[in-house]
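Since the structure comes first, as structure tokens, the remarks are kept for the end.
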Amino acid sequence: MQYNVTVIGSGPGGYVAAIRCAQLGFKTVIIEKYDTLGGTCLNVGCIPSKALLDSSEHFINAKEHFKEHGIDIPAPKVNIKQMIKRKEDVVKSNVDGIAFLMKKNKIDVFHGMGSFVDKNTILVKSTDGKETKVATEKVIIATGSKPTPLPFAPFDKKRIISSTEALTLTEIPSHLIVIGGGVIGMELGSVYARLGSKVTVVEFLDSLIPTMDGTMGKELQKVAKKMGMDIYLGHKVTAVENKGKEILLKAEAKDGKVLELKGDYCLVSIGRRPYTEGLGLEKVGIETEKGQIPVDDHLKTKVDNIYAIGDVIKGAMLAHKAEEEGVFVAEQMAGQKPHVNYLLIPGVVYTWPEVASVGYTEEHLKSQGRAYKTGSFPYKALGRARASMDTDGLVKILADKQTDEILGVHIIGARAADMIAAGVTAMEFRASAEDVSRMSHAHPTYMEAVKEACLSATENRPIHL
Ligand code: FAD
């Protein structure tokens, strides 16, 4: 079988690359080791986590907020089996959608482990032992990532679990200990906190969601506390033991004090690592660096016809980053001159309220010695937020001190995940804070907080504060 392009891995990087390659006229094949397409994102990542986040949000609204809206219902109960089943239905409809898109774009699909024989030949070994050789001009590696275990407490997948198992629990933990207060830990922690678990988050660094602007971490911590979560920052976990139905955790604070926790599940969400096992990189002379496949600015590996994209290379481990890179590589292969603006890849945490950011953080600007100004606007001063009783949060704008160009948009609040696209657009067109503050924003909307924060950044003259 002879192809122009072979894509290994069908996550958002791989399947989007394959579609763009097919659109550009390349005869394309995609190889996926699992039975379903869509990779981490669709099967055990973005989509199932958002399905559970939404279900648990409905539950907490019914339990705690309906009454205030004048809706009286008997006390709601969680049916965890149905919740998980709905999540699985959502996953199925999404992964089936990818299979449909492959057919529509006439992309051949092989299920099995893909590995290099040489730079133009890939061997596909399916689970039933069948072997197929694929001859190809070019290869895109999009093999993604896997959860990182603690070196001293590997996942047992029963009590010491990764995000994958946390998405399929059949009971609600009574005490879920979450190691790592990053995006995945906070999202899944909030799911179970809403469903009634006691949730304790232990984070090594001094802030939650530490890669985001510091204000976001502080605000999220307030929200998490309001939800009843216990948060221990600056604590290094030193031991996790599975005692059957109980987990014992020890962590050390900076002052040497030892924290001991007992729970029934421990979610280890300390990050993810690139996945290249079984790919046979040695057959083509590619060596990983810190687990990642090294690529140049064109996302080409050291081998002329082999590219790599997504979680398996440097950069943020995000589905939309992988997608942009898939399109970028395909268009380059077709002789086009595409571009990915890595500064403007937004980051989102789908807690409620949501957190969303794009551009530079205040910490980064400070470290660069860049002259900047800030403007912020709290949700509680927003009519729309009051109407829906979603008053937690704020918008923070960072702008260049001299030129007023927007350098960063950071939002914690209802619908932040969708609102951040406006920040990306403004920054892509290099808008100033004044530009945005002079545009009409529909009333009443959450987006008015962005306009007000821009007014605040540009001339410190918000209207509603
Ligand atoms: P992956 O999606 O990991 O796909 C790689 C695929 O390659 C896999 O299907 C794997 O089976 C296959 N593969 C590997 N090796 C081989 C081989 N040798 N042969 C054949 N197939 C192979 N990101 C967001 O942007 N938004 C979110 O809301 C979000 N939520 C997340 C929630 C959770 C719980 C998790 C775990 C992740 C989340 N992410 C989110 C991250 C996102 O899932 C990843 O960044 C994204 O999936 C990376 O895409 P990828 O194509 O690089 O790799």
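Before moving on, here are some points about what is shown:
- Applying a DSSP loop filter and a limit of 13 other Cβ atoms within 10 Å to the trypsin sites (Lys or Arg not before Pro) in the range 9-79 leaves LYS77.
- Theoretical ellipticity at 222 nm over the chain - DSSP helices of four or more residues, -39500 (n - 2.57) apiece, nearest 500: -9500 deg cm²/dmol
- Distance between the modelled labels on GLU252 and ASP304, one decimal in nanometres: 5.3 nm (7 Å Cα→Cβ projection).
- Cα Rg, Dmax (largest Cα-Cα span) when computed across the range 228-277, Å: 13.2, 40
- 17 Å Cα-Cα reach of LYS27 towards lysines, excluding residues that sit fewer than 8 places from it in its own chain: LYS103, LYS104, LYS106, LYS133, LYS138
- For MET1, the solvent-accessible surface computed with a 1.4 Å probe is close to 120 Å², ligands and nucleic acids excluded.
- Here, the range 192-259 is characterised by an Rg to Rh ratio of 1.01, where Rg is the alpha-carbon radius of gyration and Rh the Kirkwood radius.
- Each Lys and Arg adds +1 at its Cβ and each Asp and Glu adds -1 at its Cβ; summed about the Cα centre, the range 320-465 shows a dipole of about 380 debye.
- Relative intensity, log₁₀ I(q)/I(0), of the range 1-60 from a Debye sum that treats every alpha carbon as a point, q = 0.15, 0.22, 0.25, 0.28 Å⁻¹: -0.53, -0.82, -0.94, -1.05
- More than 17 Å apart - percent of Cα-Cα pairs taken over the range 109-212: 65 percent
- In the range 94-161, the inverse of the mean reciprocal separation of distinct Cα atoms equals 15.2 Å; this is its Kirkwood hydrodynamic radius.
- Karplus (6.51, -1.76, 1.60) ³J(HN,Hα), θ = phi - 60°, over the range 218-225, in Hz, Gly and Pro reported as x: 5, 5, 5, 4, 4, 4, 4, 5
- Between LYS146 and ARG273, TYR275, the built amide H atoms are under 5 Å apart, and every one of these is 5 or more places off in sequence or on another chain.
- Checking every one of the GluC sites (Glu not before Pro) in the range 105-175 against DSSP loop status and a limit of 11 other Cβ atoms within 10 Å picks out GLU171.
- Expressed in Å, the radius of gyration and Dmax of the Cα atoms of the chain are 23.4, 69.
- For the range 36-169, the C-alpha radius of gyration divided by 2.2 N^0.38 Å, with N the number of residues, is 1.46.
- With all pairs of separate Cα atoms included, the range 280-399 yields a Kirkwood hydrodynamic radius of 17.7 Å.
- Sulfur and carbon atoms: percent of accessible area, the range 255-304 [1.4 Å]: 44 percent
- Charge tally around GLY214: other residues with Cβ under 11 Å, Lys/Arg +1 each, Asp/Glu -1 each, net -2.
- The residue among THR211, TYR3, ALA75 whose Cα reaches farthest toward the positive pole of the charge dipole of the chain, with charges on the beta-carbon of Lys, Arg, Asp and Glu, is ALA75.
- Note, ³J(HN,Hα) from phi for the range 416-426, Karplus 6.51, -1.76, 1.60, rounded to Hz, x at Gly and Pro: 4, 4, 7, 5, 5, 4, 5, x, 4, 4, 4
- In this structure the chain gives 47 Å² per residue of accessible area when probed at 1.4 Å with all protein chains present.
- Inter-probe distance in nm under a simple model that places probes 7 Å from Cα toward Cβ, at ALA387 and ASN61: 1.5 nm
- About the centre of its Cα atoms, the range 130-237 shows a dipole size close to 180 debye [charges on the beta carbon of Lys, Arg (+1) and Asp, Glu (-1) only; nearest 20 debye].
- Here the range 332-393 and the range 54-101 have alpha carbon centers that stand 27 Å from each other.
- Using the alpha carbons alone, the radius of gyration of the range 161-290 stands to its Kirkwood radius in an Rg to Rh ratio of 1.05.
- GLN23-ASN460 FRET efficiency (beta carbon distance; Förster radius 41 Å; 0.05 resolution): 0.30
- Kirkwood-Stokes translational diffusion coefficient of the range 158-217, alpha-carbon pairs, 25 °C, 0.890 mPa s, µm²/s: 204 µm²/s
- Among the listed pairs LYS50/LYS225; LYS125/LYS283; LYS290/LYS314, those beyond 18 Å (Cα-Cα): LYS50/LYS225
- Residue-count net charge about GLU405 - beta-carbon cut-off 13 Å; Lys, Arg +1, Asp, Glu -1: -1
- Taking θ as phi - 60° and the Karplus parameters 6.51, -1.76 and 1.60, the scalar couplings of the range 198-213 work out to 6, 10, 10, 10, 10, 10, 5, 7, 8, 8, 6, 5, x, 7, 8, 3 Hz in sequence order, x denoting glycine and proline.
- Cα extents of the range 6-114 along the three principal axes, largest first (Å): 58, 26, 17
- Computed from the alpha carbon atoms alone, the convex hull of the range 329-412 holds 153 Å³ per residue.
- Multiplying the residue separation of ALA135 and PHE429 by 0.36 nm and removing their Cα-Cα distance gives an extension gain of 101.6 nm.
- Amide H contacts of LYS138 (H built 1.01 Å from N, under 5 Å, at least 5 apart or other chain): VAL5, THR6
The values are calculated or read from the model by the stated rules, or taken from the named source; none is laboratory data. Every value quoted in this text rests on a predicted model; they were computed, and no experiment measured them. Virtual Cβ from ideal backbone geometry, glycine too; neighbours counted across all protein chains shown. Quick note on the areas: whole protein, heavy atoms, side chains included, nothing else; ligands and nucleic acids left out. Shrake-Rupley method; radii C 1.70, N 1.55, O 1.52, S 1.80 Å.
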